[in-house]
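Below you'll find the structure, written out as structure tokens, and then a few comments.
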Amino acid sequence: MENILAVYQRSYDETHPLICVDESSKQHLKETRQPIPAQPGSVEKYDTEYERNGVSSLSMFFEPLEGRRHVAVTNQRTAIDWAQQIQSLIDVHYPEAELVTLVMDNLNTHTGASLYKAFPPEEARRLLAKLDIHYTPKHGSWLNMAEIELSILSRQCLDRRIPDQATLKRETAAWQEKRNAIARPNEDARVKLKRLYPTL
């Protein structure tokens, strides 16, 4: 825990951004009957039956010191998918960064080996050399701020039936744009977690 809190206390440096990473999934559910919209004096009515229409994976990349987030929607959550997201993070989102600090959980795909599965050795080495990886402790994934952002995304955007991946991409992109427009840097983690520290 101390390691993660120390990482969160670092000053902002655009050449060395801090990114929290976490993943989730969303099942696509199609309506089997057309819902009846809400009207004055009557709530929306919809059928409890639905049609399953696949699952999409969501990858959250959250930069707490700047209050920015990026959500990637993919078909699955494999080592190769993770590696491709990391390549995009380094080459597209942070091309000027000398080093990118990642805070994430110990998922089996969150390793340098995933980069070697996805890319030739020289490309995997190049990407790995640009990463400073910090894992949240076992049973301490709540320290990962990307997990908090995924929870907010779930409550504000995904708490309804979304029929397909195209709709999910549109909805998450709109949510991301809105959240980034009101971005605020995060408060000091030690102040927020003061109750967890022993008193001497």
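The values are calculated or read from the model by the stated rules, or taken from the named source; none is laboratory data. Given the structure is predicted, the values throughout are model-derived calculations rather than measurements. Methodologically, a virtual Cβ is constructed for each residue, glycine included, from the backbone with ideal geometry; neighbour enumeration extends over all protein chains shown. Areas reflect the complete protein model, heavy atoms only, side chains present, ligands, DNA and RNA absent. Shrake-Rupley method; radii C 1.70, N 1.55, O 1.52, S 1.80 Å.
Can you tell me which residue among HIS134, HIS110 is of a type outside the set (A, V, I, L, M), assigned to a loop (DSSP other than H, G, I, E, B) and under 23 Å from ARG69 (Cα atoms)?
Being of a type outside the set (A, V, I, L, M), assigned to a loop (DSSP other than H, G, I, E, B) and under 23 Å from ARG69 (Cα atoms) holds for just one of HIS134, HIS110, which is HIS110.
Please state which of the following conditions THR15 fails to meet, knowing it meets all the rest: (1) open to solvent by 90 Å² or more (accessible area, probe 1.4 Å); (2) part of a loop (DSSP other than H, G, I, E, B); (3) at pLDDT 90 or above.
For THR15, the exception is condition (1).
Counting only residues that are part of a strand (DSSP E or B) and among the aliphatic types (A, V, I, L, M), which one in segment 29-75 is nearest to the chain's Cα centre (by Cα)?
MET60
All but one of (1) exposed (fewer than 14 other Cβ atoms within 10 Å of the Cβ); (2) closer than 22 Å to GLN76 by Cα hold for MET104, so report the exception by its number.
(1)
Enumerate the pairs (first residue in segment 173-191 and closer than 14 Å to CYS157 by Cβ and open to solvent by less than 90 Å² (accessible area, probe 1.4 Å); second residue anywhere and assigned to a helix (DSSP H, G or I) and modelled with pLDDT of 70 or more) with beta-carbon separation below 7 Å, excluding pairs fewer than 6 apart on the same chain, so at least 6 apart or on different chains.
Close Cβ pairs satisfying both conditions: TRP175/LEU153; TRP175/GLN156.
I'd like to verify a number: residues in segment 29-45 that are in contact with a strand residue (DSSP E or B) (Cβ under 7 Å, 6 or more places away or on another chain) and of a type outside the set (D, E, K, R), how many?
Going through segment 29-45 one residue at a time, the tally reaches 4.
For every residue, the table says whether it meets (1) at negative phi; (2) in contact with a Ser or Thr (Cβ under 9 Å, 6 or more places away or on another chain); (3) surrounded by 15 or more Cβ atoms within 10 Å (Cβ to Cβ).
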{"position": "LEU65", "(1), (2), (3)": "yes, yes, yes"}
{"position": "ASN75", "(1), (2), (3)": "yes, yes, no"}
{"position": "THR78", "(1), (2), (3)": "yes, yes, yes"}
{"position": "ILE90", "(1), (2), (3)": "yes, no, yes"}
{"position": "LEU128", "(1), (2), (3)": "yes, no, yes"}
{"position": "TYR135", "(1), (2), (3)": "yes, no, yes"}
{"position": "ARG161", "(1), (2), (3)": "yes, no, yes"}
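Quick test of your reading of the structure: LEU58 fulfils all but one of (1) closer than 19 Å to ASP164 by Cα; (2) open to solvent by 10 Å² or more (accessible area, probe 1.4 Å). Name the failing condition by number.
It fails just one condition, (2).
Table: residues versus (1) at pLDDT 95 or above; (2) basic (Lys, Arg); (3) within 17 Å of the chain's Cα centre (by Cα); (4) more than 20 Å from ASP13 (Cβ to Cβ).
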{"position": "THR136", "(1), (2), (3), (4)": "no, no, yes, yes"}
{"position": "HIS139", "(1), (2), (3), (4)": "no, no, no, yes"}
{"position": "TRP142", "(1), (2), (3), (4)": "no, no, yes, yes"}
{"position": "ALA146", "(1), (2), (3), (4)": "no, no, yes, no"}
{"position": "ARG161", "(1), (2), (3), (4)": "no, yes, no, yes"}
{"position": "ALA183", "(1), (2), (3), (4)": "no, no, yes, no"}
{"position": "ASP188", "(1), (2), (3), (4)": "no, no, no, no"}
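Taking segment 22-55 on its own, how many of its residues are more than 30 Å from LEU102 (Cβ to Cβ), without any contact (Cβ under 8 Å) to a residue 40 or more places away in the chain, surrounded by 10 or more Cβ atoms within 10 Å (Cβ to Cβ) and among the hydrophobic types (A, V, I, L, M, F, W, C)?
Matching residues across segment 22-55 total 2.
Considering each residue of segment 113-126, count those that are part of a helix (DSSP H, G or I) and open to solvent by 10 Å² or more (accessible area, probe 1.4 Å), and give that number.
So the answer is 9.
Across segment 138-148, which residue is farthest from VAL100 (Cα to Cα) among those that are part of a loop (DSSP other than H, G, I, E, B) and open to solvent by 50 Å² or more (accessible area, probe 1.4 Å)?
HIS139
So SER151 passes all but one of these: (1) under 20 Å from HIS16 (Cα atoms); (2) under 12 Å from the mean Cα position of the chain (by Cα); (3) surrounded by fewer than 18 Cβ atoms within 10 Å (Cβ to Cβ); (4) small (Gly, Ala, Ser). Which condition number does it fail?
The one condition SER151 does not meet is (1).
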